[in-house]
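The next block holds one structure in the form of structure tokens; read it before the comments.
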Amino acid sequence: MSKRDFISLADYSSKDIATILKLAHQLKNNPDKKSKLLKGKSIALIFQKPSNRTRVSFETGIFQLGGNAIYLAPDDISLGKREPTADIARTLSRYVGGIVARVFHHQDLIELSKYSTVPVINALSDLSHPCQVLADIMTVEEKFGKLKGLKMAYIGDGNNMTNSLMVACAKVGMHISVATPKGYEPDAGYTQKALAYAKETGSKISLLHDPRQAAQNADVLYTDTWVSMGQEEETAERFKDFDGYQIDSKLASLASKKHIFMHCLPAHRGQEVSADVIDGKHSVIFDEAENRLHVQKAIMVFLYTK
Ligand code: CP
Ligand code: NVA
């Protein structure tokens, strides 16, 4: 049987995304459903970077589906250092039913996918974070009862989250205005893909530099850290460059009165977001975090029942 991976939302049709989201809502409302799907299977969790939400929600989700999670910390298998990534993929495929991987270089996911005979799930790379973004889209759907035509404003660093958010919004028919400092725009390849999908769904994608313009009438305000994992050496320079890009209550007042505030976490109060906004009444950050569990269970159900 041929396997299917979950590396990028770009590989998933709008219909597949709708199917996974529907499943996620069902699993959230009826937690016992399909709980034996991973019975007798182990899933390897390869993490090259730290994690709270991703690791714990995957381990919990695998447990709830009847499977066994094997966490592999950065020094355990030393992806690409101790032995070639291709050999790791081929070896693990002889033991486990799936691989979940958080990597520094997206190319390592492609390599794992190429040589693995079991499904590979992207748990974050330098280029994308599709599990997080699908949980975010599920959260938007819960809060507004729809997706099509809603406007998201993403303000801050054009990073892995931005790349995945643009593709996801385009696939589900949401509009997205991205405001970054010059030089911090999202990846050009993801932008081109998102623009192409947007044409099909009627979504509008704008790349801007003015946070106020982006926030105008937004239904969803989104931001992420200014310094992603692996960029720690650039911290001082980034703090200078991102001055003026914080989502604070003044900026949030430009959004729709019923807007929600989102952040994938971990967050830095006083940097990309003010404490009163992230801890205020519009914030849905812990619903997003919870939905990681439901959406990832739905992704696994989808991959293993295809
Ligand atoms: N949002 C997210 O992926 O969190 P962790 O880095 O804690 O897994
Ligand atoms: N952009 C952040 C997301 C963390 C979940 C990072 O890559 O560190």
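Filter the range 101-117 down to residues that are part of a loop (DSSP other than H, G, I, E, B) and within 18 Å of K81 (Cβ to Cβ) and give me whichever is least open to solvent (accessible area, probe 1.4 Å). Applying the filter and picking the extreme gives V103.
Return the residue satisfying two criteria in turn: it lies in the range 258-274 and is open to solvent by 50 Å² or more (accessible area, probe 1.4 Å) and within 14 Å of ligand 2 (Cβ to nearest atom), and of such residues it is nearest to M161 (Cα to Cα).
The qualifying residue nearest to M161 (Cα to Cα) is P266.
Looking across the range 140-158, just one residue is buried (at least 24 other Cβ atoms within 10 Å of the Cβ) and more than 16 Å from A255 (Cβ to Cβ), and that is D157. For P186, the requirement of being assigned to a loop (DSSP other than H, G, I, E, B), under 25 Å from D5 (Cβ atoms) and either more than 14 Å from the chain's Cα centre (by Cα) or modelled with pLDDT under 95 (or both) is met. Summed over the range 218-255, residues that are away from ligand 1 (no atom under 16 Å from the Cβ) and either touching a strand residue (DSSP E or B) at 6+ places or on another chain (Cβ under 8 Å) or among the acidic types (D, E) (or both) total 16. Residue pairs whose Cβ atoms lie under 6 Å apart, separated by 6 or more positions or on different chains, with the first residue in the range 244-259 and over 21 Å from F144 (Cα atoms) and the second open to solvent by 30 Å² or more (accessible area, probe 1.4 Å) and of a type outside the set (G, A, S), are S249/D276.
Considering only residues in the range 40-64 that are of a type in the set (A, V, I, L, M, F, W, C) and in a strand (DSSP E or B), the one that is surrounded by the fewest Cβ atoms within 10 Å (Cβ to Cβ) turns out to be F47. On the given criteria, is Q213 more than 28 Å from Q271 (Cα to Cα), out of contact with any Leu (no Cβ under 8 Å at 6 or more places or on another chain) and of a type outside the set (V, I, T)? No; evaluated as a whole, the condition is false for this residue.
Looking at the range 162-183, which of its residues are in a strand (DSSP E or B), open to solvent by less than 30 Å² (accessible area, probe 1.4 Å) and not small (G, A, S)? Those that are in a strand (DSSP E or B), open to solvent by less than 30 Å² (accessible area, probe 1.4 Å) and not small (G, A, S): I176, V178.
In the set A289, A214, only one residue is within 14 Å of ligand 1 (Cβ to nearest atom), in contact (Cβ under 8 Å) with a residue 24 or more places away in the chain, small (G, A, S) and assigned to a helix (DSSP H, G or I); that residue is A289.
Per-residue answers, yes or no, for (1) outside any loop (DSSP other than H, G, I, E, B); (2) open to solvent by less than 10 Å² (accessible area, probe 1.4 Å); (3) of a type in the set (S, T, N, Q); (4) in contact (Cβ under 8 Å) with a residue 24 or more places away in the chain:
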{"residue": "D276", "(1), (2), (3), (4)": "yes, no, no, yes"}
{"residue": "G280", "(1), (2), (3), (4)": "no, no, no, yes"}
{"residue": "Q296", "(1), (2), (3), (4)": "yes, yes, yes, yes"}
{"residue": "Y304", "(1), (2), (3), (4)": "yes, no, no, yes"}
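Only a single item in (1) over 23 Å from the mean Cα position of the chain (by Cα); (2) crowded, with 22+ Cβ neighbours inside 10 Å is not met by S253, and it is number (2).
Sort out which residues of the range 214-238 are under 16 Å from G158 (Cα atoms) and away from ligand 2 (no atom under 16 Å from the Cβ), and write them in order of number. Listed by number, the residues that qualify are A214, A215, L221, E237. When D157, D136, D210, D108 are screened for being modelled with pLDDT of 95 or more, more than 25 Å from A18 (Cα to Cα) and within 16 Å of the chain's Cα centre (by Cα), only D157 passes. Would you be able to say whether some residue in the range 13-33 is in contact (Cβ under 8 Å) with a residue 12 or more places away in the chain and touching a Ser or Thr at 6+ places or on another chain (Cβ under 7 Å)? Within the range 13-33, one or more residues are in contact (Cβ under 8 Å) with a residue 12 or more places away in the chain and touching a Ser or Thr at 6+ places or on another chain (Cβ under 7 Å). Could you go through the range 87-100 and let me know if any residue there is touching a strand residue (DSSP E or B) at 6+ places or on another chain (Cβ under 7 Å), under 12 Å from Q48 (Cα atoms) and either open to solvent by 10 Å² or more (accessible area, probe 1.4 Å) or assigned to a helix (DSSP H, G or I) (or both). No: zero hits.
The values are calculated or read from the model by the stated rules, or taken from the named source; none is laboratory data. A quick note: this is a predicted structure, and the numbers were derived from the prediction, not measured. Neighbour counts run over all protein chains shown; Cβ positions are idealised from the backbone, glycine included. Side chains are part of the model used for accessible areas, which takes the heavy atoms of the whole protein and leaves out ligands, DNA and RNA. Shrake-Rupley method; radii C 1.70, N 1.55, O 1.52, S 1.80 Å.
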